[in-house]
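The values are calculated or read from the model by the stated rules, or taken from the named source; none is laboratory data. Note that this is a predicted model, so its numbers are computed, not measured. Positions of Cβ are backbone-derived with ideal geometry, glycine not excepted, and every protein chain shown enters the neighbour counts. Quick note on the areas: whole protein, heavy atoms, side chains included, nothing else; ligands and nucleic acids left out. Shrake-Rupley method; radii C 1.70, N 1.55, O 1.52, S 1.80 Å.
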Amino acid sequence: METKQPLQKLSDQKLLENFSQIVRCERKATAQVVVHLAEIYHRRLYAREGYSSLFGYIKEKFNYSGSSAYRRVQVAKLSRRFPEVIDHLISGKLNLMALCLIEPHVTADNGKELISQAMGKTKEEI
């Protein structure tokens, strides 16, 4: 939510409402980045742009840090197999870190269960 009013002039309630809305927008935007990356990966468009990997593409072209790029690429690949993770990202039930932690262990047989078990858990709990 954009506000022309300086944050210092907002009421406490309005500041908290704005922040909640911004968090929801951020989650949706992150999910959209992941969805787009999944399709770019599927079509190998990063190669047409002159990059050897999707990781290199978003790290170099869009200045993501290595860890941020890695998380988004891993979750993009996971979302191709389990599209429901996108809804979980938007809802906040799962975050990029949680999905990256389980991704190496996810198979077609255990994926839905592992995704479900990771919901609402911290990095340490996972």
For the range 1-98, build the charge dipole from Cβ charges (+1 Lys, Arg; -1 Asp, Glu) around the Cα centre, then report which of C25, H36, I86 sits farthest towards its positive end.
-> H36
Treating only the Cβ atoms of Lys and Arg (+1) and Asp and Glu (-1) as charged, compute the dipole magnitude of the chain about its Cα centre; round to the nearest 20 debye.
-> 360 debye
Using alpha-carbon pairs under 8 Å, 6+ residues apart, how would you state the relative contact order of the chain in percent?
-> 22 percent
How far, in degrees from 0 to 90, does helix 66-81 lean away from the longest principal axis of the Cα atoms of the chain, to the nearest 10?
-> 70 degrees
Accessible area per residue, Å², the chain with all protein chains present, probe 1.4 Å = 66 Å²
Folded to 0 to 90 degrees: helix 12-43 orientation relative to the chain principal axis, Cα | 20 degrees
Could you give the spread of the C-alpha atoms of the chain along their three principal axes, from largest to smallest, in whole angstroms?
-> 49, 38, 22
Cross-link table K77/K112; K28/K93; K59/K112; K14/K93; K14/K121, entries beyond 20 Å C-alpha to C-alpha | K59/K112; K14/K93; K14/K121
Given the chain, longest segment not containing exposed loop GluC sites (Glu not before Pro) (DSSP; at most 16 other Cβ within 10 Å) = 50-123
Please give the net charge around A69, taking every other residue with its beta carbon less than 12 angstrom from that of A69, where Lys and Arg add +1 and Asp and Glu add -1.
-> +3
Two decimals is fine: what is log10 I(q)/I(0) at q = 0.25 Å⁻¹ for the range 1-67, from a Debye sum with one equal scatterer on every Cα and no solvent?
-> -1.03
